[in-house]
Amino acid sequence: MALGFQRSASFAFAKAEGERCRHLGDDHRCGVHDQLNDIGMRGCTIFECFGAGQQVTQVTYAGEGLGADPERDRQRFAVFAVLRAVHEMRWLLAEAPRLPPAGAEESRAWQRRLAELAQAAPETVLSTDLAAIRSAVGELLRTASRGARSRRGADLAGADLLGADLRARDLRDADLRGALLVAADLRGSDLTNADLLGADLRDADLRAADASRALFLTQPQVNATRGDGATRLPSALDRPVGWT
């Protein structure tokens, strides 16, 4: 109910934030979960909340049901939006590689602060300056990336690589932070130490690619790609069911 989406290649119909999905059953489960890709709802299979949904429903609101108080529901959806970002940052910090000692301590401090925020009351969560936190954590992750990339790779941060054939490019140690890689051809690519933080990988072709040591690659990014049995992923990530 919390999330809205527009009709697109990823969603067969549009739904507003707070509106009940037509596929949501009375048992609070998705009635078409095993058919999502077949009926044009691939966006549902890509999404990942990093545990924020469970935190909000089970901890913040202690199992409280929806529907009795619309204003309370709106508050809950707003809290979820903040905590999803918080949980994603916690995950990224936990994955930050080879930080120098000062950066490692700062990372631990931020993880503690974000863990406390995840446990906070709704009013505290909603009063949080999320933009400031994103900026500070983002800079820390940038420091981690620079420390992990042992040599100067290609600077492709924020680059428009829509549909690009990158099979011949050396992408080891590349800065691909925020790059547009939609439908890019990465077959057989070695992405060792490539920084993929925030890169748009929708429909990118990762067949036979080695992303096992890519930096800051997340589950929703992987879920949006195309891969196969030869694609190598970091151990913390799951292989999408739809890959062949």
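Points worth noting:
- Extreme residue, modelled with the lowest pLDDT, among residues of region 148-158 that are in a loop (DSSP other than H, G, I, E, B) and within 23 Å of the chain's Cα centre (by Cα): 149
- The residue that is surrounded by the fewest Cβ atoms within 10 Å (Cβ to Cβ), counting only those in region 24-49 that are touching a Leu at 6+ places or on another chain (Cβ under 9 Å) and more than 18 Å from residue 226 (Cα to Cα), is 28.
- Where helices (runs of 4 or more DSSP H) fall wholly inside region 48-147, the ranges with 3 or more residues that are of a type in the set (A, V, I, L, M) and within 26 Å of residue 16 (Cα to Cα) are 70-95.
- Residue 224 closer than 29 Å to residue 37 by Cα, of a type outside the set (D, E, K, R) and under 21 Å from the mean Cα position of the chain (by Cα): yes
- Filter pass, residue 218 being crowded, with 21+ Cβ neighbours inside 10 Å, at pLDDT 95 or above, in contact with a helix residue (DSSP H, G or I) (Cβ under 8 Å, 6 or more places away or on another chain) and not hydrophobic (A, V, I, L, M, F, W, C): yes
- Filter pass, residue 34 being touching a Gly at 6+ places or on another chain (Cβ under 8 Å), outside any loop (DSSP other than H, G, I, E, B) and on the phi < 0 side of the Ramachandran plot: no
- Residues that are loosely packed, with under 15 Cβ neighbours inside 10 Å and touching a residue at least 60 places away in the same chain (Cβ under 8 Å) within region 141-166 are absent altogether.
- Residues of region 63-100 classified as under 15 Å from residue 216 (Cα atoms), in contact with a Gly (Cβ under 7 Å, 6 or more places away or on another chain) and at pLDDT below 95, total: 2
The values are calculated or read from the model by the stated rules, or taken from the named source; none is laboratory data. Keep in mind that this is a model prediction, so the values were computed, not measured. Every residue, glycine among them, receives a Cβ derived from its backbone with ideal geometry; neighbour counts consider all protein chains shown.
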